[in-house]
Structures are given as C-alpha cells and as structure tokens.
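The structure appears right after this line, and notes come after that.
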Amino acid sequence: MQFRLPRGTQDRLPEDQPYWEYVTSVAREQARLFGYGQIDTPVFEHAGLFQRGVGEGTDIVEKETYTFPDRSGEDVTLRPEGTAPVCRAYLEHGMHTRPQPVRMHYFCPIFRYERPQAGRLRQHHQFGVEAIGDGDPSVDAEVIDLGWRFTTALGLQGLSLAINSIGDPSCRPQYLAALKDYYAPRLGEACPDCRMRYERNPLRMLDCKRTDFACQDLVAEAPRITDFLCADCDVHFATLRRYLEALDIPFFINPTLVRGLDYYTRTVFEILPPEEGAQSVVLGGGRYDGLIEQLGGRPTPGIGFGSGLERLILNVKRQEAAALSDGAPVDAVVVSLGEAAASVAVRLASDLRQAGHRAVLAQPGRSLRGQMRHASALNARYTLVLGDAEVAAGTVQVKSMDTGEQREAPLAEAASLVSRA
RNA sequence: GUGAGCGUGGCCAAGCGGUAAGGCACCUGACUGUGGCUCAGGAAAUCGAGGGUUCGAAUCCCUUCGCUCACCCCA
C-alpha cells in the first residue's frame, strides 16, 4: 500500500455515516431549539488571529498549529479551535448591531498537530456554540444547558458536568500571587513541567496529573481560586449555580478545572462521560469576556463550548446508546439476460430512480445466478428480472426477496409494485 | 516531545530457521432464466521497508517507517 491516511486523520466510510448523521442531527436540533443559527467560517485563517486570540503561550498555538506560508508568503493557520474565527466574524460583520447576544452554532474540522491516540486526532470535528454580546450569568446557564441537553439527548448515560470560575482580570492576579506564594517554598517537590508553569502559566499547575512527583498533594492543598473571586465574579458564579439548580442540571465544582486557552474568564466547564479514559472530555467551554477586545473590538463578553464529534461517537458506540446501521441500501435490483434485455434494464433502473426508489442495475453480462446473488448481498427488497420473453411481452418479473414470491407485471407497473412495502 | 506494545492477501489470523495454513469477504460453477444454505473451483501476500547473520529467514540481529495505547495537552 503506497498511500495511507495522514497520521491522526480518518476516513468516514458509508457504514460510519449513520453515527455521524445521528450526532449532528441531535446537535442541530438542540441548536435550533435554543435559537442558535448556523455560522460557517473558513478552514484556514491568518495565523495572527489565533496567536492574538488563543494566546501565544498556549500549547495549542505554541506547538500544535498547522501554520505555513501561502504562495504570497503570508502565514496561514488551519483552524485549531472554533471560537476565535467566530469572534472574528462577529467583528467583521458588525454583529454588535444585532440583538445581543448573537447566538450561533457551527460544525467544523479542527486541526492540531498532536500525537494521536484513542479519542485524539490531528483532524477532528467539533460541534460548537457561541453566544456573544451578553455577560449575564443566565447566558452561561443557557450555554451549559444546551451542552447538557445535547449530550444527554444522544442517549449517553452517567455524564457529569464540572464547572469552575477562574475569575477575571480584577481578581485573578491576586489569586496567582497567592498561588505562587504557596508553591514557592515547595517548588522543588513539583514535577519539571510544573516548575516551568510556575513561571509561565501558574494556573496550569492545578491541571497537573502527574503522580510521580508531589504535584497531586500540592494541588490538593493549594489555595482555591473560588476563595479569591472579586465581588462581581463571585456573584456571577453564585448566580450561575442557582440557575443550574433551577434547571435541574447536576453539576460539581472542580476548583482545579482550568482550561488550556488563554482567553477564558470566569465560567469554565466540562462534560465528562463515566469512563475513566484519558481523553474523556466530550464537551468543554467557558466565558471569554476579553477575547473580542483582544481581537480589536470594543469590550464584548462572550461564552461558548466546543464538543468533539469523534469522541461523542466513541461513547455512543461504547455505551450502545444508539444502534445504527445502513438498513437496506436498495429497494430494487434490476437483473437482465441478453443484450436486448440489458437496454430495457438500464432504462428500467433509471425510471425507478426517477420514481423515487433506490435502484441498482446488476451487471448485465453476469449469469442470472450471479446477478441474483448480488441482489441478495445488497439486501435488496425486490429483484426485477428481464429476459427475452419479458422484453417481447413488455413485462418484468417482480420478485420479493423476503418472501420469494414472484409475479409478472407490465413494465409500466414496476415502480408502483416496488412502492408497496 | 517522552514511554510501551504491535506490523503476514481487502479484513481476521496460523506459522517463530527449511522456503506462506485457515476463516470472512469477493469472483466462477453445480443439467445451462433465479438469491440467501451447501459443495467445488478461482483470484488475491515482494510476510511494513532496508541491511546483516545463515547453505537457507516471515521466523534471529540492526536500522528505519507505520499503527496502537499511555504521558503531555485537549474535544
């Protein structure tokens, strides 16, 4: 085999489509119910959009983007996340003049140069949602509600929702200072990565999962951001929790939940399946009140989430939440014997399709037995047989593949016979 | 980027130093115009690639590529 899939990509074969169709249709329906219109943005953008928006210090931008110069020498980047492009579009099309917040959803491929493993690809697809232009906690609750309805509507069991608040520019600095004060004397016990994070992005130390150093103990006793929230952030977070309770959405506060993109403020959340898999997060998002301004717009709040469709399908299959198959791919297979019949058969198959039936022509040269086998293998409901006798009489043999019953009928009636299930 | 496991026809898979089983799928046929069962036959593998050891290697050694899983990070 000379050519293979590029690493971390996958083909979606005909038999995979029902799962794809299932997940996207459930997503589409929830987006519709919540009033989120669809937006599509390009697969690539100017590299600067993500550097500015997502943050140069993040792993995603630092070492995972597919960035390369186009023929004019300008750097373009394959979309590594969905939010920045939507915010760019919000600004570019003056959406601040629309009723706020502007609610939008999207389906798009996402590219990140990573080492692939279960549930992690270099090209994956996300269903995402953004509500831009309203900072009220009711919007946080709405977006989380949408995510929760979506994942539960898929039939997934045992999901859990983790939420946290990571503050905003008025209170996070104080917390970071407290966090560094706490770590400073014990930094020697932390893993090398955490020691680096201490300087560059202390919040991420909370996210460390290494057990070969004291990181877990350090995290457990570390000061909690929720104890450092300023009055506004505190009220915001409390109100969100009240709304979630009103919605009867079960959640737990994970004080170490920190997301990897720089633009998040206040609310962050994740939905996880019950399996203890490493790549488990199936939906994640948060509020990004500083992002639009970062991209050159007026200060504008926003919140959204991204959800990995491949991971969702993995879970749907694992839990057998939905058993999906192609079903019978064809209604009728047209079988012919002899050259005269072949021409009539070609026409009959075409006429059947025009009448709305899924019709397939068996290869005219093959033996009757071979053509019948083919019809059987395709799981056809009917086989229509044309030989010299039928052609002369202007008829066709209509055979039900389920019952084995066969009757001769005028050619013109073939379509209506197939219609009868 | 780090670590581990694995690479035999389209798919699954035996063989583990003597020169490639088997199953699924595909194609053909079984008194020649009828499927799904059965039977017979057929096509399909430079045993991931390169090098080495050996009279001889899919089987041993080295290198390399790829796949998978975990770490990291994230959806």
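Picking from residues in region A:360-387 that are of a type in the set (A, V, I, L, M, F, W, C) and more than 17 Å from A:GLU339 (Cβ to Cβ), the one that is farthest from RNA strand B (Cβ to nearest atom) is A:VAL360.
So which residues in region A:285-296 are within 22 Å of A:ARG224 (Cα to Cα) and open to solvent by 10 Å² or more (accessible area, probe 1.4 Å), if there are any at all?
Restricting attention to region A:285-296, the residues satisfying the condition of being within 22 Å of A:ARG224 (Cα to Cα) are A:285-289.
Once the filter is applied, which keeps residues that are within 22 Å of A:ARG224 (Cα to Cα) and open to solvent by 10 Å² or more (accessible area, probe 1.4 Å), region A:285-296 yields only A:ASP289.
Among the criteria (1) assigned to a helix (DSSP H, G or I); (2) open to solvent by less than 40 Å² (accessible area, probe 1.4 Å); (3) free of Cβ contacts under 8 Å to residues at least 40 places away in the same chain, the one A:ALA345 does not fulfil is (3). Of all the residues in region A:379-415, those that are in contact (Cβ under 8 Å) with a residue 24 or more places away in the chain, more than 17 Å from A:VAL344 (Cα to Cα) and surrounded by fewer than 17 Cβ atoms within 10 Å (Cβ to Cβ) number 1.
The listed residues are A:ALA322, A:ALA349, A:ALA342, and the only one of them that is within 30 Å of A:MET401 (Cα to Cα), away from RNA strand B (no atom under 15 Å from the Cβ) and out of contact with any helix residue (DSSP H, G or I) (no Cβ under 9 Å at 6 or more places or on another chain) turns out to be A:ALA349.
Checked against (1) assigned to a loop (DSSP other than H, G, I, E, B); (2) in contact with a Ser or Thr (Cβ under 8 Å, 6 or more places away or on another chain), A:PRO223 passes all but a single condition, namely (2).
Here is a yes/no grid of residues against (1) polar (S, T, N, Q); (2) more than 9 Å from RNA strand B (Cβ to nearest atom); (3) more than 24 Å from A:ILE132 (Cα to Cα); (4) open to solvent by 40 Å² or more (accessible area, probe 1.4 Å):
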{"site": "A:LEU247", "(1), (2), (3), (4)": "no, yes, no, yes"}
{"site": "A:PHE252", "(1), (2), (3), (4)": "no, yes, yes, yes"}
{"site": "A:TYR264", "(1), (2), (3), (4)": "no, yes, no, no"}
{"site": "A:PRO301", "(1), (2), (3), (4)": "no, yes, no, no"}
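Which residue, of A:GLU408, A:GLU390, is more than 6 Å from RNA strand B (Cβ to nearest atom), modelled with pLDDT of 90 or more and among the charged types (D, E, K, R)?
Details: A:GLU390 fails: more than 6 Å from RNA strand B (Cβ to nearest atom).
A:GLU408 is the lone residue from the list that is more than 6 Å from RNA strand B (Cβ to nearest atom), modelled with pLDDT of 90 or more and among the charged types (D, E, K, R).
For region A:80-108, a residue qualifies if it is in contact (Cβ under 8 Å) with a residue 60 or more places away in the chain and open to solvent by 30 Å² or more (accessible area, probe 1.4 Å), and the qualifying residues are A:ARG88, A:LEU91, A:HIS96, A:ARG103, A:PHE107.
Condition first: farther than 19 Å from A:TYR263 by Cα, without any contact (Cβ under 8 Å) to a residue 60 or more places away in the chain and out of contact with any Ser or Thr (no Cβ under 6 Å at 6 or more places or on another chain). Can you find one or more residues in region A:46-60 that meet it?
Just the residues of region A:46-60 that are farther than 19 Å from A:TYR263 by Cα, to begin with: none.
The answer is no; no qualifying residue exists.
Taking region A:147-179 as the range and being basic (Lys, Arg) and open to solvent by 60 Å² or more (accessible area, probe 1.4 Å) as the test, only A:ARG149 passes. If you check A:ASP193, A:ASP232, A:ASP217, which single one turns out to be open to solvent by 40 Å² or more (accessible area, probe 1.4 Å), part of a helix (DSSP H, G or I) and in contact with a Ser or Thr (Cβ under 8 Å, 6 or more places away or on another chain)? Within the list A:ASP193, A:ASP232, A:ASP217, the selection yields A:ASP232.
The values are calculated or read from the model by the stated rules, or taken from the named source; none is laboratory data. None of the values given here were measured: they were computed from a predicted structure. Counting neighbours? That spans all protein chains shown, and the Cβs are built from the backbone with ideal geometry, glycine included. Only protein heavy atoms, including side chains, enter the accessible area calculation; ligands, DNA and RNA are left aside. Shrake-Rupley method; radii C 1.70, N 1.55, O 1.52, S 1.80 Å.
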